[in-house]
Amino acid sequence: MINKRIYLCLAHMSEAGLEQKYIKEAFDTNWVVPLGPNVNGFEEDLKQYVNHNKEVVALSAGTAAVHLALLACGVGAGDEVIVQSFTFCASAHPVVYCGATPVFVDSETDSWNMDPQLLEQAIKDRIIITGKTPKAIVPVALYGMPYKVDEIMEIANRYGIPVIEDAAEGFGSKFDGQMLGTFGAFGVLSFNGNKMITTSGGGALICGDADSKNKIMWYATQAREAYPYYQHEEIGYNYRMSNICAGIGRGQMTVVEDHVKHHQHVCKLYKELFAEVEGIELHENPSSRYESNYWLNTITIDPSIKVKGEEFAYADAVQGAVGGAAGVVHAGGSVHTDCEPNNNIEAMRIYLDKAGIEARPLWKPMHKQPVYKNAPAYVNGVSEALFKTGMCLPSGPCVTDEDVRYIVDCIKEAIE
Ligand SMILES: Cc1ncc(COP(=O)(O)O)c(C=O)c1O
């Protein structure tokens, strides 16, 4: 037993404390507003980092970035948007904010992300059923892993549909050596407390050019028209990043590459340590074209593996929500749902929790979420099977080599 709790991915500040220096500057110069030198500086740092003749707008959240990208693609009431089903809800919810309908597409087994074949099938089918082409496609870099960028972009271009890359979890990941978020019309980044870098809460949208950056900034600042008084001809949002948060971001940009390397190093170590463990498979880059940041390292556990305490796996109702850091959760209705991780996964989660290790099931696919029960879905069983057999393991910059060894030892110990 070790004397601390090991979390999936905690915020980690620069050694030099640059985050505080930039925040102090903001206070000293009275730029305590959602614009200013830190916002401009952070955007410039991000632009240099993604390095593909792109523009970047800093926003209050990754969710806001998804929302504004959809608006910029013209998504409105009655439209449909194709979204990867295997994702966190923030890839899909903004489609509903626009009055549109998400159409979910399942995953392939290589990257665990949007299956290009199913994507094309869904596009063809939606055109026949609705008479309209979907307004956008949202592939997701789940746990940092790049999607099949070339195949998805080829299909999207053939049908003339803009791609909004949800790289919220994939900041620093590359496909064919190019940063995720720079292939499509827009790229979404998140700087929430648990991401590759943090601004406490925050996000950014990578845009194609200065015009689209301007449009996004306009939407993000209440869509104000150029008059000496407030004149509004479209609905806007208050989504700009604060100059204080951007100060944290500027400091964090000095460690982003260290963070990426650290997560990748943790992956290597897991690989080494799991090599001899039967029934456990680590999810890795499917080929050398993929360069995941390994934001969260993930494993699948064979259903035949028996884990200690499996018979009591769902005996008690959970008293909170996964990632309930915001502290606001609904009391669960029951212990079970009609689609849940296998008993050995839940038993492993409980075992690790008792050993001081945070582990989580993989994200539950959107097409299995009650809130989306009426949304069209094109499925092949892949994300549902992964959800039932998979889990995320600690991977962040605070996770040491010793922690990784301890985690793998505990996992081995938990297997009967
Ligand atoms: C895949 C994905 N998309 C979007 C988001 C939204 O980002 P944020 O939490 O910054 O709103 C997140 C993370 O939370 C995410 O994991």
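Only residues that are surrounded by 12 or more Cβ atoms within 10 Å (Cβ to Cβ) and among the acidic types (Asp, Glu) were counted across segment 14-32, and they come to 2. Restricting attention to segment 134-151 and to residues that are in contact with a helix residue (DSSP H, G or I) (Cβ under 8 Å, 6 or more places away or on another chain) and within 21 Å of Leu362 (Cβ to Cβ), the residue that is nearest to the ligand (Cβ to nearest atom) turns out to be Val140. In the set (1) closer than 24 Å to His263 by Cα; (2) part of a helix (DSSP H, G or I); (3) of a type outside the set (A, V, I, L, M), Trp218 fails one condition alone, (1). With the condition kept exactly as written, say whether any residue in segment 70-89 is in the same structural domain as Tyr239 (by TED's automatic domain parsing), at pLDDT below 95 and assigned to a loop (DSSP other than H, G, I, E, B). Checked segment 70-89: no residue is in the same structural domain as Tyr239 (by TED's automatic domain parsing), at pLDDT below 95 and assigned to a loop (DSSP other than H, G, I, E, B). Among Thr87, Thr109, which is the only one that is closer than 22 Å to Glu151 by Cβ and surrounded by fewer than 20 Cβ atoms within 10 Å (Cβ to Cβ)? Going through Thr87, Thr109 in turn, the sole match is Thr109. Exactly one residue out of Glu278, Glu310, Glu284 is farther than 22 Å from Ala11 by Cβ and either under 22 Å from the mean Cα position of the chain (by Cα) or hydroxyl-bearing (Ser, Thr, Tyr) (or both), and it is Glu284. Only one of the numbered conditions (1) assigned to a helix (DSSP H, G or I); (2) without any contact (Cβ under 8 Å) to a residue 60 or more places away in the chain is violated by Tyr351, and that is (2). A count restricted to segment 90-120 and to residues that are within 15 Å of the ligand (Cβ to nearest atom) and either among the hydrophobic types (A, V, I, L, M, F, W, C) or assigned to a strand (DSSP E or B) (or both) stands at 10. Does at least one position in segment 202-212 carry a residue that is farther than 30 Å from Gly74 by Cβ and either out of contact with any helix residue (DSSP H, G or I) (no Cβ under 7 Å at 6 or more places or on another chain) or hydrophobic (A, V, I, L, M, F, W, C) (or both)? No, that holds for no residue. Within segment 163-203, the set of residues being more than 12 Å from the ligand (Cβ to nearest atom), touching a residue at least 40 places away in the same chain (Cβ under 8 Å) and hydrophobic (A, V, I, L, M, F, W, C) comprises Phe175, Met179, Ala185, Phe186. Restricting attention to segment 61-81, the residues that are without any contact (Cβ under 8 Å) to a residue 60 or more places away in the chain and under 15 Å from Ala156 (Cβ atoms) add up to 1.
Considering segment 37-60, and only residues there that are free of Cβ contacts under 8 Å to residues at least 60 places away in the same chain and over 18 Å from Cys245 (Cα atoms), the residue that is farthest from the ligand (Cβ to nearest atom) turns out to be Asn53.
The values are calculated or read from the model by the stated rules, or taken from the named source; none is laboratory data. Model, not experiment: these values are computed from the prediction. For neighbour counting, all protein chains shown are included, and Cβ atoms are generated from backbone atoms with ideal geometry for every residue, glycine included.
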